[in-house]
Amino acid sequence: MAQQGYRRELISTVEESRQAAFEAMTHSAEQGEIVRFMEQISFCNSQASLADALLTLLSGFGLKAVVAFWPNTEDVSDKAAYFALNSAVSELEIELLLSAQHERRIMEFGRRMIVNYPNASLLIKNIPDQDLSRYGRIKDHLCVLLSATEARVRMMKTEAKVKLQQVLLLTVTDVRAALAHIRDSQAEQIRSAADMRQDMVIDLQDQLLLLNLNASQEGGLFELIERYVAQIDDSYREALRWSDALQPIVKTLEDIVQRRMS
């Protein structure tokens, strides 16, 4: 009897050791998948590609999931986005995620679990709650995975913000260059008009000799021409003043962009 008891105990020990070894190998394999996921998402540049990487990994773990990306509160045009693997996200799932968005980090109800972060939430629809060992392991994995996802979402938002700021700065630079070009062109036109006026006066004097006008008539004609030429000069100078008036506005825009980038 003692020998049989010892044999049963030995078999039980071997089985426990085998189970422990199996769980250790499974855990190691899952950890390897998580590491590869973290490497993969560094190349994700959109919510769709990030969601696909996360949901594909979870599917490999045998989990059915929905991931939500929450909008940027500073951008009213930004909207929440919901993703599922190979299926549409139902209205019920959306309502569930929305209602739990500002609740605890981890919420459990039945076989469902929601993991919340400020920029992303994850709904798991088939948590293995009957297998306590796997349940604990999966729960740990989910926190690590969504934490990494959250970090990448924040990084993508920062990258998009920096890119927008760079575009704005380039636009301001282009506007400044365009205004400088307009100013140079206007100044050149004023100089050209002055040269043309001098040439016109010389040509007109030659032509007046042929018309045989008296001094009063010549003076009146020259006065009329000078008046219209002066009006043309004033128009060019008014355009220059408008260009100068725009410079402080461009400088203000440039300062705003620079402060947002610092």
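The values are calculated or read from the model by the stated rules, or taken from the named source; none is laboratory data. Note that this is a predicted model, so its numbers are computed, not measured. Note that we place each Cβ from the backbone using ideal geometry, even for glycine, and neighbour counts take in every protein chain shown. To get the accessible areas, we keep the full protein, side chains included, count just its heavy atoms, and leave off ligands, DNA and RNA. Shrake-Rupley method; radii C 1.70, N 1.55, O 1.52, S 1.80 Å.
Taking V66 and the conditions (1) more than 19 Å from I34 (Cα to Cα); (2) touching a residue at least 40 places away in the same chain (Cβ under 8 Å), which numbered condition does it fall short on, given that it satisfies the others?
Tallying (1) more than 19 Å from I34 (Cα to Cα); (2) touching a residue at least 40 places away in the same chain (Cβ under 8 Å), V66 fails exactly one: (1).
Would you check if there is a residue in region 151-174 being touching a residue at least 40 places away in the same chain (Cβ under 8 Å), of a type outside the set (S, T, Y), surrounded by 15 or more Cβ atoms within 10 Å (Cβ to Cβ) and touching a Phe, Trp or Tyr at 6+ places or on another chain (Cβ under 7 Å)?
Yes, the conditions are met somewhere in region 151-174.
In this structure, is A239 touching an Asp or Glu at 6+ places or on another chain (Cβ under 9 Å) and either at pLDDT 70 or above or in a helix (DSSP H, G or I) (or both)?
Here the answer is no, as A239 does not meet what is asked.
Since S17 meets every condition but one in (1) at pLDDT below 80; (2) not in a helix (DSSP H, G or I), which condition does it not meet?
Result: S17 fails condition (2) only.
Go through region 77-128 and report how many residues are more than 17 Å from K64 (Cβ to Cβ) and in a loop (DSSP other than H, G, I, E, B).
Going through region 77-128 one residue at a time, the tally reaches 12.
Please determine whether any residue of region 57-73 is surrounded by 11 or more Cβ atoms within 10 Å (Cβ to Cβ), in contact with a strand residue (DSSP E or B) (Cβ under 6 Å, 6 or more places away or on another chain) and part of a helix (DSSP H, G or I). Give the derivation first.
First pass over region 57-73, keeping only residues surrounded by 11 or more Cβ atoms within 10 Å (Cβ to Cβ): 57-61, 63-72.
Checking the rest, the ones that are also in contact with a strand residue (DSSP E or B) (Cβ under 6 Å, 6 or more places away or on another chain) come to 58, 63, 65-69.
Pick out the ones that are also part of a helix (DSSP H, G or I) and you get 58.
Yes, because at least one residue in region 57-73 is surrounded by 11 or more Cβ atoms within 10 Å (Cβ to Cβ), in contact with a strand residue (DSSP E or B) (Cβ under 6 Å, 6 or more places away or on another chain) and part of a helix (DSSP H, G or I).
Looking at region 32-56, which of its residues are assigned to a loop (DSSP other than H, G, I, E, B), open to solvent by 60 Å² or more (accessible area, probe 1.4 Å) and of a type in the set (A, V, I, L, M, F, W, C)?
F43
If I138 satisfies every condition in (1) of a type in the set (V, I, T); (2) under 23 Å from A29 (Cα atoms); (3) at pLDDT 90 or above but one, which is the exception?
(3) is the only condition that I138 fails.
Please tell me if K125 is exposed (fewer than 12 other Cβ atoms within 10 Å of the Cβ) and of a type in the set (D, E, K, R). Quick ask: steps written out before the conclusion?
Working: exposed (fewer than 12 other Cβ atoms within 10 Å of the Cβ): no; of a type in the set (D, E, K, R): yes.
No: the conditions fail for K125.
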